[in-house]
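The values are calculated or read from the model by the stated rules, or taken from the named source; none is laboratory data. These numbers were taken from a predicted model, which means no experiment stands behind them. Don't worry about glycine lacking a Cβ; one is built from the backbone with ideal geometry, like all the others, and counts go over all protein chains shown. To get the accessible areas, we keep the full protein, side chains included, count just its heavy atoms, and leave off ligands, DNA and RNA. Shrake-Rupley method; radii C 1.70, N 1.55, O 1.52, S 1.80 Å.
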Amino acid sequence: MPASTGQCLYVATSLSDAVAALADRGPAGAPLAGATWIMRAPIRREERRSSYVGIGGIAELCAVELTDDEIRIGACVTHARLIAALAGAEGCDGLVAAAGGAANPAVRQMATVGGNLCASDFPASDLSPALLCLDASVELRTPGGRERMPVGRLLDVRCTLEPGTLVTGVVIARKSLRTGHARLPLRKAGDYPVAIVSMAAALGSDGLVEDIKVAVGSVEASARRWPQLEEQLLGRPLDPARAHELAKAGAGVFAGRESVEAPGWYRVQVLPTLVRRAAQAALAG
Amino acid sequence: MPTNLVINGEDRISSRGSMTPLIDVLRDEFFLTGAKVACREGICGACTVHLDGRPVVSCLVPLGTVEGRDVRTVESLAVAGEPSPLQLIMEEHDVVQCGMCFPGILMVLTSFFQERPHAERDEIKAALVGNICRCTGYERLVDAAVALARRS
Amino acid sequence: MATADPSGVVMNLPRRDARDKLLGRTRYTVDRMPPRMLHAAVLRSEVASARIIRIDTTRARQMPGVRAIALAEDAPGMHGIGIADHPLFASGVIRFHGEQIAAVAADTYEQAQAAARAIEVELEPLPPVLTMADALAPGAPLVHPDWKSYEILFEGGARGGNVAWEATVIRGDTDTAFARDDVVIVESCFRVGRQNHVSLEARAVIATYEDGRYHIETSTQVPWTVRNMTAKLLGVPASQVHVTVPPVGGAFGQKFDCTLEPYAAILARKSGQPVRLVYSRQEEMLTCLCRENADIKIRSAVTEKGEIVGREAVVLMDCGAYGGEQIFLTTMTAHTLGGNYKLGSIKLATRAIYTNTPPNGAFRACNGVYNTFALERHTDEICEAIGMDPLEFKRRNVLGDGDLGATGQVFEGDVLGSMLDRMERLREKSPSKKHLAGDRLYGRATVVGTWFIFVGPSTATINLNADGSATLITAGVELGQGTMVQALPQIVAHELGIHPDDIIVRNADTDAAGFDLGVGGGRTTVSVGAASVAAAADVRNKILNIASELLQTRPERLVLRNGRVEIAGIEGSGTTIAKVVQRAHQVTGPVVGSGSFTNPGVPAMPGCAAGHFIDAIDIPVFNVHDCEVAVDPETGHVEILSYKVVQDVGRALNPRAIHGQIQGGVTQGLGYALHEEHTIGEDGCIRQDSLETYRVPLALDTVPVEIDLYEGAPSIGPLGAKGAGEVPIMNPPAAVACAVARATGCRVQQTPLTPPRVLAHLLGREPAVELPHIADNWWDNVLTKPKTQ
Ligand SMILES: Cc1cc2nc3c(=O)[nH]c(=O)nc-3n(C[C@H](O)[C@H](O)[C@H](O)COP(=O)(O)OP(=O)(O)OC[C@H]3O[C@@H](n4cnc5c(N)ncnc54)[C@H](O)[C@@H]3O)c2cc1C
């Protein structure tokens, strides 16, 4: 099913060029970053836009900057680049595991952070829960100017973004965190995870959980946090076995989505195990 | 608008539409049929080529994004008709069956070994997670790759 | 002539096609693009069952680039196996989601697709039957209301309504056996889904029409079938169709039928240009001729000592909208489900059932894979019921020398029994991997399997060239299995005393080679090999007669060795074969030999089998597989810890190549055991439409298979060989299912054992497979009526 050649692509040379080109095209246009989602539209039986603005080559969108206070990830940073830039950085193990476990080596060279967050109707994104539990924000350029919003909000509104909106980057505040990302593909690897648990915990010097964020991906239509579990984990040591038990008791707050590859009940059923694995990974990191 | 690109070291100009997948340009316009179309969804890896030295699935690369960039296909691995060490070791191990997946596997492993020349078996297997081989059951081609890693 | 030592044929000959395949130079059908080539696209139905009211191509014909449109009226014929029930295009009615309605050729593929979409089709929807249970329900709509009027191509199968074909085996008196008071009766039900071949090269063809003949260049296993079927569908003499086959990029049975070739042929004739048709992966997923889904019920009467005194089974095979291979494959149950074990009495019914779903086809070890799964799981359930160790049970019951098979054929040699011993030694040699299971559940199973080699007609011609090389001409095809580049040149070289590298192997061409049944059923090494041996013998005789004159030695004292005709026992004596051929050019003309082979025929017990295409098997092939698994009790993931194979190969001509086939076949079988499944939605469309949802094994999902080749079992194959490529896929689902059942204590009745299914089992939420559409009384399941005593 080769692509129909009717659509056209304008390759933007700078951020302002991209913003202008998107504004020009209005609802007929959309950004194209790594293209790994857009190029598969025919297989999903989706119509493609008539016009795309290529943003993958814009240098200012491809940088990862680490300062003492924050990590800024350009929207067009690929999974491979993200792994290389953040390997070993404190608090980033979960995010690196998320990027490194996703897809396959060739797709990781192409697929971008921005594309992963903005692909609508994509429940199985690995980066979404990893960034959710890091309390990350996204920066956007809209026809009206600049905007910043939490990742969770972007996931809610990504289908209804105003035409011409561009995510320019992701910002993570640097904190001393232990993070873990547990994904469950049906084979050993190579397929979308049927469920994901990402966890980021701040532990006090006494080893007690001072702050913790748990995010669940792929189980429902969009990734989301698990506030009930977070609350129960506060103020105690991070014990994977206990986290597992609590998750077992509380997983009913999720309504698993049905799909060809897995029934909804299964996605919910495996959550406690993934909570335990994420906690173990966080402690090991 | 025509697209300029460098394919296997030669300057080329393609007149196809900018959203045309690179794989179709390579095969249908330049008759480089080594890379194969098998799934068009980035899963089987048979269309893998190197773009600026990194492996990509060319079925998902729109032509417009490769303007001015360097593309290498399986046809470039042999130098002056002499197979690369990876190709030779695959041949020595009698790995090939139908052969459709090998162009992609060779491109993935070639760049993988540039970064991890002494990789272990498990890493090699993990690196192949984007390549489907339906004939061989993988192990022998992994054996060959391991042998190359040991040799280097 | 002194015969050469057969062990001389054995070698790990490398593949001559490996280098170019690695360099990316091999040109498969999908890589070929003749000048002026057009691209074809097929318009397919998006409903499962409907009456066609109107098809209007007016708008489509005016679309840019369109050169030709093919419709039902261009292909008046019907094809099929056993029954001609299948038109090329849906005519009058739509019978499955994805059925071909029209085909368009245009300058580009996009134009062809656009024009196909622009064809207007008006349909009146009809209620579809999507499952075999629906199809067998009283009053079910008939998929083929006119079934009675179809041409019968093979006599003997019972048919009726949605039962496309029925094959039965009756040997002995099961009623008496089941009524005995010293037996335990064990009943099991099984269900399996469809498996897609996922050949990386999709089905593909390029057709041209020149000098009043069609030339079809295609990715097929069966050049002669394509020739004959295309002619039948188009209503032209078969001599007008010429088929050639470039290297094939994987097939596994999918390309054992004529499918897309006739569309391209019609369009080439209409447009006067070459036409290429290549199915997209989505078309391959949605209309692949899959391994069929099946429902199986088995009942056995077994004594406390483990003697199987009676067995009754019903196997329902979903053939989809058209009979196709499944008609033929009903034959196989007798030899797979009816295989392995000694049975006092038996009744088997195998029925191919029409449904409004995409037609199924042949897939490596057709029918055998799931019937072996069912048989081995049933065997475990028997052992549980009588409290016997399954290995002990197998030792007592596997077929041995002089034992009767299901259809009453007499088996030769104690093969399976000694293969079980060999497996025991293999198990002793390599320690259990149980420790790798950790906290997970551990299980292990050893299973057996019976398969066979399809024989049937093949022919070969050999030209012995004046340079001492030989050209082998057959209709065999290289799919990747290696026969054409390894086994055949080895066999011919051995017969002619030259090196395999000096054997030129002609690619299949129906204008050059004579009839052949095709590459499948593990038959190439055997049938094409036997024909090649006969051709080589013919050549050898001619050479020896001429050499005898030249060397003044009786032919009986001459041998062919190292490219020479030598006097037996005197190395370096005589002369070169090349010189003898040159001499022949002067006295008799060029040296050419030909040979043929067909079905030698092994008798079954008269009256046992009805509706079978093969009553008894000429070359049985046995298998013993052993597998260790770990099951994650929290997620249901099954990990294969170790896998071992003892395979009956007759004589291993190229052990390294056989090992490659076993590793590949086992991995494909593990895919079917654990992940691969097509299911059908309420709209009749296959739900897994891409490689994202249809999950084949990747490198991390397999393990190195430990292999022991069992040689020496009787075989009529050349030099005692048997086909080795087909059978390795047969046992993995059985081995894995038995191991998982033991690990979990759950009653595994269904494959694949995906993580959700296994977890459902462990949580007690997996519904039992009950099969109410298979009646308890065996006779209520068959059209065949009991013979009145
Ligand atoms: C074989 C395969 C396996 C995969 N496996 C996984 C996996 O395991 N886990 C996982 O998470 N993902 C997986 N993916 C999905 C992949 O990660 C996403 O396709 C990818 O991240 C999307 O990024 P992209 O840059 O390619 O997006 P594109 O295809 O370029 O764009 C996707 C969407 O986002 C929009 N968009 C892109 N960038 C921006 C921006 N900066 N601002 C606003 N909108 C934007 C586009 O308009 C489009 O609608 C897989 C993909 C493939 C092909």
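When the accessible area of segment A:59-173 is computed with all protein chains present and a 1.4 Å probe, what percentage of it is carbon and sulfur?
Working: 1940 of 4180 Å².
Summing carbon and sulfur atoms, their accessible area is 46 percent of the total for segment A:59-173.
Counting only C-alpha contacts under 8 Å and six or more residues apart, can you give the relative contact order of segment C:114-195 as a whole percent?
Numbers: 30 pairs, mean separation 12.9, N = 82.
Across segment C:114-195, relative contact order equals 16 percent.
Using a simple spin-label model with points 7 Å from Cα along the Cα→Cβ vector, what separation in nm is obtained for C:R54 and C:A238?
With each label point 7 Å from Cα toward Cβ, the separation is 4.2 nm.
How much of the accessible area of chain C, in percent, comes from carbon and sulfur atoms when a 1.4 Å probe is used? Display every interim value, and only then the final one.
Working: 12780 of 25630 Å².
Whole-percent figure for carbon plus sulfur exposure: 50.
Would you please classify the overall shape of segment C:576-631 from the alpha carbon gyration tensor, given that a ≥ b ≥ c denote the square roots of the eigenvalues, rounded means a/c under 1.5, and beyond that prolate means a/b larger than b/c while oblate covers the rest? Walk me through the intermediate numbers first.
Numbers: a/c = 5.87, a/b = 1.87, b/c = 3.14.
Oblate, because a/c is 1.5 or more while a/b does not exceed b/c.
Under the definition of partner shielding as Cβ atoms of other protein chains within 10 Å of a residue Cβ, what is the mean value for peptide B:29-39? If you can, show how the numbers build up before the last one.
Details: counts 0, 0, 2, 2, 9, 7, 1, 8, 10, 11, 13.
For this peptide, the per-residue mean of nearby foreign Cβ atoms is 6.
Determine, for each peptide in C:243-252, C:224-233, the mean count of other beta carbons within 10 angstrom over its residues, then list the peptides with the highest first.
Working: C:243-252: 25.8, C:224-233: 23.4.
In decreasing order of mean packing, C:243-252, C:224-233 become C:243-252, C:224-233.
Mind checking how much accessible area C and A bury in total, 1.4 Å probe, in Å² rounded to 100? Provide the component values of the computation, followed by the final result.
Working: alone 28780 and 13120 Å², together 39360 Å².
Interface area, both chains combined: 2500 Å², rounded to the nearest 100.
How much accessible surface does C:D389 have with a 1.4 Å probe, in Å² rounded to 10?
Looks like 90 Å² after rounding.
Kindly compute the accessible surface that chains B and C hide from a 1.4 Å probe when together, both sides summed, and give it to the nearest 100 Å².
Working: alone 8000 and 28780 Å², together 32880 Å².
For B against C, buried area totals roughly 3900 Å².
Quick one: Cα centre-to-centre distance for segment C:642-671 and segment C:519-558, in angstrom?
Rounded to whole Å, the Cα centres lie 30 Å apart.
Work out which residues of segment B:86-105 lose at minimum 40 square angstrom of accessible surface when the other protein chains are put back, relative to the chain isolated, with a 1.4 angstrom probe, and list them by number.
Those residues are B:E91, B:D94, B:V96, B:Q97, B:C98, B:M100.
Per residue of segment B:36-43, what does 6.51 cos²θ - 1.76 cosθ + 1.60 with θ = phi - 60° give for ³J(HN,Hα)? Whole Hz please, x for Gly and Pro, Karplus curve as stated.
Using θ = phi - 60°, the values come out as 10, 9, 10, 9, 6, 9, x, 9 Hz.
Modelled label-to-label distance, C:R554 and C:R180, 7 Å Cα→beta-carbon offset: nm?
Distance between label points: 6.0 nm.
With +1 on the Cβ of every Lys and Arg and -1 on the Cβ of every Asp and Glu, and nothing else charged, how large is the dipole of segment A:184-284 about its Cα centre, in debye rounded to the nearest 20? Kindly include the intermediate steps, with their values, before the conclusion.
On the way: 12 positive and 11 negative charges, 58 e Å.
Dipole size: approximately 280 debye.
Would you mind calculating the relative contact order of segment A:59-173 from Cα pairs under 8 angstrom and at least 6 residues apart, reporting the percent as a whole number?
On the way: 189 pairs, mean separation 33.2, N = 115.
RCO, segment A:59-173: 29 percent.
Heavy-atom accessible area per residue, the protein assembly as shown, 1.4 Å probe: how many Å²? Spell out each step's value before the answer.
Working: 41610 Å² over 1226 residues.
Normalised by residue count, the accessible surface of the protein assembly as shown is 34 Å².
Karplus couplings for segment C:759-770 from phi (6.51 cos²θ - 1.76 cosθ + 1.60, θ = phi - 60°), rounded to Hz, Gly and Pro as x?
5, 4, 4, 5, 8, x, 10, 7, x, 5, 7, 10
Each residue of segment C:661-678 in turn: what ³J(HN,Hα) in whole Hz from Karplus with 6.51, -1.76, 1.60 and θ = phi - 60°, glycine and Pro shown as x?
5, 5, 4, x, x, 5, 4, 4, x, 5, x, 5, 5, 10, 9, 6, 7, 9
By how many nm would the segment from B:R69 to B:H118 lengthen if fully extended, with 0.36 nm per residue of separation less the alpha-carbon distance?
Numbers: separation 49, 0.36 × 49 = 17.64 nm, distance 2.94 nm.
Gain in length upon complete extension: 14.7 nm.
Looking at C:V769, C:A207, C:N599, which one has the Cα that reaches farthest to the positive end of the dipole of chain C (charges on Cβ: Lys, Arg +1; Asp, Glu -1)?
Of the candidates, C:A207 comes out farthest on the positive side.
Can you give me the C-alpha center-to-center distance between segment C:248-291 and segment C:152-224, rounded to a whole angstrom?
20
Return one quarter of the surface area of the convex hull spanned by the alpha-carbon atoms of segment B:85-151, equal to its mean projected area, in nm².
Values: hull surface 15.2 nm².
Approximately 3.8 nm², given one-decimal rounding.
Find out how many positive minus negative residues lie around A:Q109, taking Lys and Arg as positive, Asp and Glu as negative, among other residues whose Cβ is under 10 Å from that of A:Q109. Walk me through the numbers on the way to the answer.
Working: positive: A:R81, A:R108, B:R54; negative: B:D52.
After counting each charged neighbour, the total is +2.
Taking the highest mean first, how do the peptides C:596-604, B:70-78 order by number of other beta carbon atoms within 10 angstrom per residue?
Values: C:596-604: 16.0, B:70-78: 21.3.
Order by mean packing, descending: B:70-78, C:596-604.
Any lysines with Cα under 19 Å of the C:K542 Cα? List them, leaving off those in the same chain fewer than 8 positions away.
C:K579
Just order C:476-483, C:126-133, C:714-721 by mean Cβ neighbour count inside 10 Å, highest at the front, would you?
Working: C:476-483: 29.1, C:126-133: 20.2, C:714-721: 22.8.
So the order, starting with the most tightly packed, is C:476-483, C:714-721, C:126-133.
List the aspartates and glutamates whose Cα lies under 14 Å from the Cα of C:K434, skipping any in the same chain that are fewer than 8 positions away.
C:K434 reaches C:D626, C:E628, C:D632, C:E639.
Filter C:K305/C:K429; C:K394/C:K644; C:K342/C:K394; C:K342/C:K644; C:K305/C:K342 down to the pairs with a C-alpha to C-alpha distance above 20 Å, please. If you can, show how the numbers build up before the last one.
Numbers: C:K305/C:K429 31 Å; C:K394/C:K644 17 Å; C:K342/C:K394 10 Å; C:K342/C:K644 25 Å; C:K305/C:K342 14 Å.
The pairs that break the limit, which is 20 Å between Cα atoms, are C:K305/C:K429; C:K342/C:K644.
Counting pairs of alpha carbon atoms under 8 Å apart in space and at least six apart in sequence, what relative contact order in percent does chain C give? Don't jump to the answer; show the numbers that get you there.
Details: 2022 pairs, mean separation 127.1, N = 789.
The normalised contact order for chain C reaches 16 percent.
Roughly how many debye, to the nearest 20, is the charge dipole of segment A:3-56 about its Cα centre, given +1 on each Lys and Arg Cβ, -1 on each Asp and Glu Cβ, and no other charges? Intermediate results must be reported in sequence, preceding the final value.
Values: 6 positive and 4 negative charges, 52 e Å.
In debye, rounded to 20, segment A:3-56 gives about 260.
Between rounded, prolate and oblate, where does segment A:59-173 land on the alpha carbon gyration tensor, with a ≥ b ≥ c its root eigenvalues, rounded for a/c under 1.5, else prolate if a/b exceeds b/c?
Since a/c reaches 1.5 and a/b is larger than b/c, the shape of segment A:59-173 is classed as prolate.
What's the total accessible area buried between chains A and B, using a 1.4 Å probe, rounded to the nearest 100 Å²? Can you show the working numbers first?
Numbers: alone 13120 and 8000 Å², together 19150 Å².
What A and B bury together is about 2000 Å².
Does segment A:3-54 come out rounded, prolate or oblate, given a ≥ b ≥ c as the square roots of the eigenvalues of its C-alpha gyration tensor, rounded meaning a/c under 1.5 and, failing that, prolate meaning a/b above b/c? Working shown, then result.
Numbers: a/c = 2.36, a/b = 1.82, b/c = 1.30.
Prolate, because a/c is 1.5 or more and a/b exceeds b/c.
Averaged over peptide C:523-529, how many Cβ atoms belonging to another chain are found within 10 Å of each residue's Cβ? Each step should come with its number before you reach the end.
Values: counts 0, 0, 0, 0, 0, 0, 0.
The shielding value for this peptide is 0.
Under a Cβ-Cβ cut-off of 9 Å, what is the net charge of the residues other than C:V631 that fall near it, where Lys and Arg count +1 and Asp and Glu count -1? Walk me through the numbers before you get to the answer.
Values: positive: C:R440; negative: C:D632, C:E639.
Net charge in that neighbourhood comes out at -1.
Counting only other chains, and only Cβ atoms inside 10 Å, what mean value do you get across the residues of B:72-85?
That average works out to 2.
Given the options A:A247, A:L233, A:G285, identify the residue whose Cα lies farthest towards the positive end of the charge dipole of segment A:197-285 (+1 on Cβ of Lys, Arg; -1 on Cβ of Asp, Glu).
A:A247
Check cross-link reach from A:K175 to the lysines: straight Cα distance under 25 Å, and skip same-chain residues fewer than eight apart.
Hits, sequence-local ones excluded: A:K213.
Give, rounded to the nearest 20 debye, the magnitude of the charge dipole that the protein assembly as shown has about its Cα centre when Lys and Arg contribute +1 at Cβ and Asp and Glu contribute -1 at Cβ.
Around 900 debye, computed over the protein assembly as shown.
Using a cut-off of 9 Å between beta-carbons, work out the net charge of the residues near B:L51 (Lys and Arg +1, Asp and Glu -1, B:L51 not included). Write out the running numbers ahead of the final one.
Values: positive: B:R54, B:R69, B:R72; negative: B:D52, B:D70.
Counting the neighbours of B:L51, the net charge comes to +1.
To the nearest 0.05, what FRET efficiency results for B:D11 and A:L208 with a Förster distance of 51 Å applied to their C-beta separation?
Numbers: r = 63 Å, r/R0 = 1.24.
Calculated value: 0.20.
Positive end of the charge dipole of the protein assembly as shown (Lys, Arg +1 and Asp, Glu -1 on Cβ, about the Cα centre): tell me which of C:L551, C:L337, C:A508 has its Cα farthest that way.
Toward the positive end, the furthest listed residue is C:L551.
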